[in-house]
Structures are given as C-alpha cells and as structure tokens.
1. Can you give me the distance in nm between label points at R192 and D31, each placed 7 Å from the Cα along the Cα-to-Cβ direction?
2. Roll a 1.4 angstrom probe over the protein heavy atoms and tell me the percent of accessible area of the chain that is carbon or sulfur.
3. Sum -39500 (n - 2.57) across every DSSP H segment of at least 4 residues in the chain, then divide by the residue count to get the 222 nm mean residue ellipticity, nearest 500.
4. When only C-alpha pairs under 8 Å and at least 6 residues apart count, what is the relative contact order of the stretch 68-169, in percent?
5. Keeping all protein chains in place, calculate the accessible area per residue for the stretch 1-103 (probe 1.4 angstrom), answer in Å².
6. Got the relative contact order for the chain handy, in percent, Cα pairs under 8 Å and 6 or more residues apart?
7. Which entries of K67/K89; K227/K259; K67/K227; K15/K139; K89/K197 show an alpha-carbon separation above 26 angstrom in the structure shown?
8. Dividing the Cα radius of gyration by the Kirkwood radius, what Rg/Rh value follows for the chain?
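The values are calculated or read from the model by the stated rules, or taken from the named source; none is laboratory data. Fair warning: this is a prediction, and the values are worked out from it, not measured in the lab. For neighbour counting, all protein chains shown are included, and Cβ atoms are generated from backbone atoms with ideal geometry for every residue, glycine included. Areas reflect the complete protein model, heavy atoms only, side chains present, ligands, DNA and RNA absent. Shrake-Rupley method; radii C 1.70, N 1.55, O 1.52, S 1.80 Å.
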Amino acid sequence: MENNIDVLDRREIAKHRDRPTILYYISNIFDSFFEQHGDRLYGDDPAMWGGIAEFDGLPVTVIGHIKGGKTSDNIRSNFGMAHPEGYRKALRLMRQAEKFGRPIICIVDTPGAYCGIGAEERGQGEAIARNLLEMSALKVPIISIVTGEGGSGGALGLAVADRIFMLENATYSVISPKGFASILWKDASREREAAQKMKITAYDLLSLGVIDGIIEEPAGGAHKNAKFMAAAMHAAIQSALGQLLSRSGNELVFQRYEKFRRIGVYAENGSI
C-alpha cells in the first residue's frame, strides 16, 4: 500500500473517469444480478442502483451509487448524486433484504446527495435521516465499501454498516476540501491545507476508527487494473461475511450500535 500520496492527488484518482463503477463490480463480483426499480412513492432514480444477486452462491442485496465514464452517462446518472427517491429505493431494498434474510452490500461513490430544489421539496434530508435510523436496526449483515468519493450525507445514507471499507485512494468526508476552505476561511485556494486538516483519506479514517479496513489498489489507481480491484473487493466481502453471518440479528444490531458510539470518543486529561 502507498501511504505517501498527497491527499488531493488521491482525490483526483478517486474521481478518475476510468475508475470502475458499480456496474463493473456487479458484473465481476456477483452473479445473477436482478435489478429492481423505484421507491414505490415517487419514481426511480438512475443515480442509485440496486437489486438481488448471488455472492459465492449466497443470495445478497447489492445497492450503490452509479457514475459514468462519459459525460452522457454522468448526465443520465446525475453524476452519482441521488435524489430522495434514490435513498427511499435503497431503503425499500434493505427492508426487503431483512425480510428474506439476505446480507446487504453497499457500494458508495458520490460527491454528495443532490441538493436541487426538487430534491429538497421531496424531502432529501428526511430520506437520508430515515436510512440512517433504519439501517442502524436492520437484523442482517451490512457491508459498505467506499470505492471513490464518499461525500457527506449522500454517502452516509448507505454507510451505517457492520463493516465499512474504503479503497486505498477513496475519500470520505462531510464536505469537499474546497467547500471547507471557502466556508471556514473564505478562501478556496486553501483547498490543500483544508484537505490535510480534514483527515479524509482511508489511512486517516482507519486510524480514527471510522472505517474497518482498507482495500489495496494497484499502483496508479483502481482503473489501472480493474480485475485486481474486483478480486480484492471480493476477498474483503468474503472475509467480512465469514465473521458476520454467524451472529444473530440482535447481536448485529447491538454491535453496530456500539461501533458507531465509539467513533469520536477521545481521551482528555487522562480520562475518557
């Protein structure tokens, strides 16, 4: 693993147009994927994909943001920025997974949830908040992998999980470094300084206990060897499921709660 790459260089790798998307991972990690559409309330969101698949013969539910390599694909998927109907579709599939006892695999890659007028009118904040609430109590294993950008609540709406992994060059943050610098210092040119202070890399977040593991990328980024990346993600999912499938639903919920309660605990004057 390469821990000496500049944080903004990692961000550029994470946003590379050739970086594998959820469509590649579905095709190369899972079998028999059956896509499901719609939130049963408003409509279908092309920025959020989901459906049933098999992982090593085990039925699972796969949900994630989708981006495109070409501009036309990105426009079609709104650059991976989901509307509230996307998060409600995701939650519908999660509830279905719990009903039938299927583990949930989430693939996170979004600059953030869409903040347009229509999205706000349809309850973007409520949709994400409800995902956080209900994911915390689902009695099936949940694994989330940040494969590129993990932006704010848009990412967190798929990341209240038993195991959270990040690809080596992925980032995960409440806001972009440029946005941070613009708000805090009124100076977007201090983006690099902001990025360093925000601790948004996989290595930073592993050391802080926010994530559970880093999935190594080939030199230059995931797009340099997509097959290697799919195999590495397969191994991470396989290992995590091996640990989680033996636990009861109540154990999963309790341990998930404890996991998130530990985040942000720190020692002050020798006590916690």
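1. Roughly 4.9 nm, to one decimal.
2. Working: 6740 of 12690 Å².
Using a 1.4 Å probe with all protein chains present, the chain comes out at 53 percent carbon and sulfur.
3. -12500 deg cm²/dmol
4. Result for the stretch 68-169 is 32 percent.
5. Details: 4880 Å² over 103 residues.
For the stretch 1-103, the solvent-accessible area averages 47 Å² per residue.
6. On the way: 522 pairs, mean separation 47.4, N = 272.
The normalised contact order for the chain reaches 17 percent.
7. K227/K259; K15/K139; K89/K197
8. 0.95
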